[in-house]
Amino acid sequence: MTASTIPNDVLCVADYQRLAKEVLPHSIYEYIYGGGGDELTLKQNHSALNAIQLWPRVLNDVTQGTTATTVLGELWRSPIMLAPVAFQTMVHQEGEIATARAASALDVGMMVSTLASHSIEGISECLSSPKWFQLYWQLDRGFNLELVRRAEQSGYTALVVTVDSAIHGIRNRAQRAHFTLPEGITAINLANRPPLPSNSFTPDQSIVFQGMMSEAPTWEDIAWLIKQTELPVVVKGILHPSDAIKAKSIGAKGVVVSNHGGRTLDCVPSAIEVLPDIRQAVGESFTLLMDGGIQRGTDVFKAVALGANAVLIGRPQIYALAVAGAAGVAHMLRILREELEVAMALAGAATIEDISPVSLYKRR
């Protein structure tokens, strides 16, 4: 797919999802859209955000307003970053290269996935905005270090370790659609990964506990990794305040409050619901990002009000990429930023620092 023209009827982020369903093969769309289990968490990600109301203040002078903010010492044009999404050539021939160009054009940061379909180095060459590398933990510690060193040498400025998806969740929607990774699409950055040891199981052992989870990282692994790099390490996939405190205590510089877009464990709270508790637990100076259900600039506003330094955009970037390539991703990002600007202006918040819990209405 090499689409590059923005359809005239795309007016909001959700429009890209509607059109992506029309242009993508059914199995690929279902894989991208779907969540885990009964998709209760997937639905809750949206409904919890929609339940929050803004509480605007009027007659404030916002003529010097800006969405600029600082995250981990980097100046960002807005509190919006592209989440790490794997195998983007599934939906567009250029994949992550097109996404990187779009991010650069809009001066939006991008997290590059371990499972990207282009090399760490190649994506970096096309990315002039903030670039962070997302690491899926590999069983061989030495190979993890190889990936980290490649990211360091390619100019990435932060390392994000995903910890909430050591194994896939139960994704019935993708199973019903008979999804398989299309031929020729691979995790190119794992090409030289050492072979996994063969496991044999006794009748009383589990392929989950003694099998797949034997490859999962532990807090000890994350603490070790933090000591191996000068890049700030962010832990992605935190929902419990105690885990956020633990991440901070071992030297992580931030966490991403996330339930993996509702794609792993079903029946867990949305990130926006637990965000205030996690902010209270780690203090005001610790970096918190959030993802899950962001579709409007007002959603970004709500997340910032409840404690997020920035939000990550996952599925919408893929829908936009499928529909209109790099131009689509750039357009989607522009929509979000302009919606955020409108929300801030009409709510009386001239800067990101002006957005706080008192910007939201609390039902009595």
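For segment 237-289, the alpha-carbon radius of gyration amounts to 1.07 times the rule-of-thumb value 2.2 N^0.38 Å expected for a compact globular protein.
Of the residues HIS168, HIS46, HIS240, the one that moves most in a GNM of the chain with alpha-carbon contacts below 10 Å is HIS168.
Straight-line cross-link reach from LYS302 at under 22 Å between alpha-carbon atoms covers these lysines, not counting any fewer than eight positions away in the same chain: LYS43, LYS236, LYS362. Let me know the whole percent of all Cα-Cα pairs from segment 62-188 that are separated by more than 24 Å. Of all Cα-Cα pairs in segment 62-188, 35 percent lie more than 24 Å apart.
More than 20 Å apart: what percent of Cα pairs in segment 9-95 qualify? Value for segment 9-95 (Cα pairs over 20 Å): 63 percent. Highest mobility in the GNM of the chain, judged by mean-square fluctuation with C-alpha springs under 10 Å and restricted to GLU22, GLU94, GLU30, is found for GLU22. Counted by neighbouring Cβ atoms within 10 Å, the residues ARG263, ARG57 run from fewest to most as ARG57, ARG263. If I require 20 Å or longer along the helix axis, counting alpha carbons, and a Kyte-Doolittle average no lower than -1.0, what helices from the chain are left? Use full DSSP H segments. Taking the DSSP H segments of the chain (at least 20 Å long, mean hydropathy at least -1.0), we get 315-347.
Cα extents for segment 223-350 along the principal axes, largest to smallest and rounded to whole angstrom: 41, 35, 35. When the chain is treated as a Gaussian network with alpha carbon springs shorter than 10 Å, the biggest mean-square fluctuation among GLN88, GLN138, GLN228 belongs to GLN228.
Among LEU321, SER285, ALA350, flag the residue with its Cα farthest along the positive direction of the charge dipole of segment 262-364, charges on Cβ as +1 for Lys/Arg and -1 for Asp/Glu. Going by the charge dipole, the pick is LEU321. Ordering GLY109, SER154, SER198 by Cα displacement along the dipole of the chain toward the positive end leaves GLY109 in first place; charges were set at the Cβ atoms of Lys, Arg (+1) and Asp, Glu (-1). log₁₀ I(q)/I(0) of segment 131-197 at q = 0.11 Å⁻¹, via Debye over equal Cα point scatterers, no solvent, to two decimals? Taking Cα atoms of segment 131-197 as identical point scatterers yields -0.37. Applying the Kirkwood pairwise sum to the alpha-carbon positions of segment 319-364 produces a hydrodynamic radius of 12.4 angstrom.
Within segment 1-152, the percentage of alpha carbon pairs spaced more than 24 angstrom apart rounds to 50%. For segment 50-118, the C-alpha radius of gyration divided by 2.2 N^0.38 Å, with N the number of residues, is 1.52.
Treating each Cα of the chain as an identical point scatterer and ignoring solvent, apply the Debye formula and state log10 I(q)/I(0) at q = 0.14 Å⁻¹. Here log10 of I(q) over I(0) equals -1.24. Taking other C-beta atoms within 10 Å as the exposure proxy, PHE143, PHE286, PHE301 rank PHE143, PHE286, PHE301 from fewest upward. Relative to the Cα centre, the charge distribution of the chain, modelled as +1 at Lys and Arg Cβ and -1 at Asp and Glu Cβ, gives a dipole magnitude of about 460 debye.
Estimated from helical segments only, the mean residue ellipticity of the chain at 222 nm is -11500 deg cm²/dmol, where each DSSP H run of four or more residues counts as -39500 (n - 2.57).
Values quoted throughout were computed directly from the atomic coordinates according to the rules given, and no laboratory measurement underlies them. These numbers come from a predicted model, not from an experiment. FYI the Cβ positions are ideal-geometry reconstructions off the backbone, even for glycines, and counts take in every protein chain you see.
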